[in-house]
There are 2 protein chains.
Amino acid sequence: MTVTYENIKVCKQSGARLGRVHTPHGTIDTPVFMPVGTQATVKAMTTEELKEIEAQIILSNTYHLYLRPGHKLIEKAGGLHKFMNWDRAILTDSGGFQVFSLGDLRKITEEGVEFRSHLDGSKHFISPEKAIEIQNALGSDIIMAFDECAPYPAEHTYVKNSLERTTRWAKRCKEAHQKPDQQALFGIIQGGMYKDLREQSANEIIELDFPGYAVGGLSVGEPKHLMYEVLEYTTPWMPANKPRYLMGVGTPDCLIEGVIRGIDMFDCVLPTRIARNGTAMTSVGKVVIKNAQYTEDFLPLDPNCECYTCKNYSRAYLRHLYKAQEILSARLVTYHNLHFLIDLMKQIRKAIMEDRLLDFRKEFFQKYGYEV
Amino acid sequence: MTVTYENIKVCKQSGARLGRVHTPHGTIDTPVFMPVGTQATVKAMTTEELKEIEAQIILSNTYHLYLRPGHKLIEKAGGLHKFMNWDRAILTDSGGFQVFSLGDLRKITEEGVEFRSHLDGSKHFISPEKAIEIQNALGSDIIMAFDECAPYPAEHTYVKNSLERTTRWAKRCKEAHQKPDQQALFGIIQGGMYKDLREQSANEIIELDFPGYAVGGLSVGEPKHLMYEVLEYTTPWMPANKPRYLMGVGTPDCLIEGVIRGIDMFDCVLPTRIARNGTAMTSVGKVVIKNAQYTEDFLPLDPNCECYTCKNYSRAYLRHLYKAQEILSARLVTYHNLHFLIDLMKQIRKAIMEDRLLDFRKEFFQKYGYEV
């Protein structure tokens, strides 16, 4: 198989799994956080810097790359890895989440989704087959089935119809996939916040036998305890010998809680997006760098951090850069935030190895200022 | 003296000087191009990257830093070098050029210039004494006298009054300078496009005995041949044992022509500004990366360049980044443009050493597409 999961151990304090995901572009230590490079670039970062902070895999977006610059151009360039100068693993989403988020600009039928481009209003159609064709052209290591992500809140009937369509589309994706020897197609479990529907979706999707599975439809506005509840009962239905990916999750608390419930892979735009708004994740909680309290604060962004930003620049300087709208502001805070989450995952893996992940959670939450 | 000039040789084909400028933060090989870091950051670059491309000295702006974050804050931070994490040489301008550029927002008197901030409209006053006080607080290695830069075109009488005021202000700057043992104050020769006025200004300013001299009031909209003419007769009046700085110049042709006429130091926002607009300086002329012709061009930005951008990314990718308004676009093109000009200065120094700068100019102009 193209992508395989190797389990190293399960934490004695929880269902957390320490493992490795082997891909055509290298092996990934899990649990892992994947920085998001929506438009074939992790915003404000070079791929060299991603390696410095030890990113092992990044995520890119099928919807965005299809519209611009176009998957055919990227195929001509030799694939997404070569185009963006990244020789480690890449996961691409299917574009489903993005087109569903277009609201009035899209129309869903059994065949697929008709939508208008957010860039120029032009009309497009993405079907399960098209989503796979695009991802085959991009050449990412892990590609995702085209699914329908129900909003929150949503009625039981709506979610049931939606998950059943997701199953039918998953089958079509599998049949359309042209490069199973080079790219691993992951299935996505839907079902909203309904236990019976999650179970139905898990059964149907796992029945199709994908090399990996994602939990979709979470982190869509529901309270965190609901997300944890869904994970709590869903992950035990997922095969132990395949990677488990929780889509769109990236706050430190959700990462830890997700790992505790058996998740291996995460992605989220949060660390890079808030960085550009001048907000840093640090070992002592959020630092909103524009705040006046940092005007004459010559300490590093995070005094406990060893990253390039924290070793070389002060909060006062970062605040100045932010106020002056300098590009270096986005760069330095993005670098720090991604380093922070990747380092957090490293600490999580260590805590699993030492069978103390629940203790680690308690310590981390106390320092970060979360309710314990 | 704080800053000294050491001449290595004069090119046998022209008045071009190969030399070294010794500063409290290291020795600079001249002729040199100084990247501009207006707001205590060379836009889109880290200081680590500036070292990678072998920048030896950068320029920063008194006017901007005075308004934001304030020179007192920077002094508290330990000076501009420490604040921005740059341990090589820094030159700061006096703020004169910026406040004069404010047009209706400023009022010039013998005492100084009253102006309104371009940020919030607040009222400020900068005198020669204030300009030096600010620069003393910033701690830059080379500080500039507060001068009046006449516009182009301007009447003889206007320019004469303006240069004479510049002389009186230069005297006041020298008297106000509190740290001559740590910071070298350079005088500025004005006089517009009038030979008699340039001579008068050169005599008056050089009489005041500064450790270095700048030619100001050029590159303000005049045709290039006028600039060359002024340099042609002005530099011979300047002492051979002091550095000579041509302010605000940074196109490849003007750099070469300036060196031929005996200039040692240059600065300009051009390479960084056009980079953010997607324009690259390359060995075969300008490349406007947004142009459709680069859509499927998988060559490097400059096939003859060895910089990080050119070694790792294609024109097609850079065009995509530019169209997608990604920060990485500004980063990669800025990196390349600064590398290009710094490398050009290296080639110029080599050509002086080999007594073939006029031949080099001919070869370079032909490749770049300038008229020879």
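The values are calculated or read from the model by the stated rules, or taken from the named source; none is laboratory data. Keep in mind that this is a model prediction, so the values were computed, not measured. Virtual Cβ from ideal backbone geometry, glycine too; neighbours counted across all protein chains shown. Please note that ligands, DNA and RNA were not included when accessible areas were found on the heavy atoms of the full protein model with its side chains. Shrake-Rupley method; radii C 1.70, N 1.55, O 1.52, S 1.80 Å.
Data table
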| read-out | value |
| --- | --- |
| Residue under evaluation B:LYS43, criteria (1) under 21 Å from B:TYR308 (Cβ atoms); (2) crowded, with 22+ Cβ neighbours inside 10 Å, criterion not met | (2) |
| Members of region B:314-323 that are open to solvent by 10 Å² or more (accessible area, probe 1.4 Å) and facing another protein chain (nearest Cβ under 9 Å) | B:SER314, B:ARG319, B:LYS323 |
| Those residues of region A:239-252 which are open to solvent by 10 Å² or more (accessible area, probe 1.4 Å) and either more than 21 Å from A:PRO35 (Cβ to Cβ) or in a helix (DSSP H, G or I) (or both), in sequence order | A:PRO239, A:ALA240, A:ASN241, A:LYS242 |
| Residues satisfying the stated conditions in region A:47-86, i.e. open to solvent by 30 Å² or more (accessible area, probe 1.4 Å), touching a Leu at 6+ places or on another chain (Cβ under 9 Å) and of a type in the set (D, E, K, R) | A:ARG68, A:GLU75 |
| Residues of region B:39-75 classified as at the interface with chain A (Cβ under 10 Å from one of its Cβ atoms) and in contact with a strand residue (DSSP E or B) (Cβ under 7 Å, 6 or more places away or on another chain), total | 2 |
| Per-region count, region B:198-230, residues of a type in the set (D, E, K, R), within 18 Å of B:MET247 (Cβ to Cβ) and open to solvent by 60 Å² or more (accessible area, probe 1.4 Å) | 2 |
| Unmet requirement for A:GLU114, which otherwise passes all of (1) under 22 Å from the mean Cα position of the chain (by Cα); (2) more than 14 Å from every other protein chain (Cβ to nearest Cβ); (3) of a type in the set (Asp, Glu) | (1) |
| Any chance B:MET345 is under 25 Å from the mean Cα position of the chain (by Cα) and open to solvent by less than 40 Å² (accessible area, probe 1.4 Å) | yes |
| Residue match in region B:167-183 (condition: surrounded by fewer than 17 Cβ atoms within 10 Å (Cβ to Cβ), among the polar types (S, T, N, Q) and over 23 Å from B:ASP87 (Cα atoms)) | no |
| Contacts under 7 angstrom Cβ, first residue in region A:76-96 being within 14 Å of another protein chain (Cβ to nearest Cβ), partner aromatic (Phe, Trp, Tyr), 6 or more apart | A:ALA77/A:PHE83; A:ALA77/B:PHE298; A:PHE83/B:TYR317; A:MET84/B:TYR317; A:ASN85/B:TYR313 |
| Pairs with Cβ under 7 Å, 6+ apart, first in region A:291-313 and away from every other protein chain (no Cβ under 12 Å) and over 15 Å from B:ALA77 (Cα atoms), second at pLDDT below 95 and outside any helix (DSSP H, G or I) | A:ASP302/A:SER283; A:ASN304/A:SER283; A:CYS305/A:SER283 |
| Of the criteria (1) within 19 Å of B:TYR335 (Cβ to Cβ); (2) open to solvent by 10 Å² or more (accessible area, probe 1.4 Å); (3) not β-branched (Val, Ile, Thr), which one B:ARG20 fails | (1) |
| Conditions (1) within 14 Å of chain B (Cβ to nearest Cβ); (2) closer than 21 Å to A:VAL269 by Cα; (3) open to solvent by 40 Å² or more (accessible area, probe 1.4 Å); number of the one not met by A:ASP29 | (1) |
| Residue count, region A:52-77 (criterion: closer than 10 Å to A:ILE134 by Cβ and of a type in the set (S, T, N, Q)) | 1 |
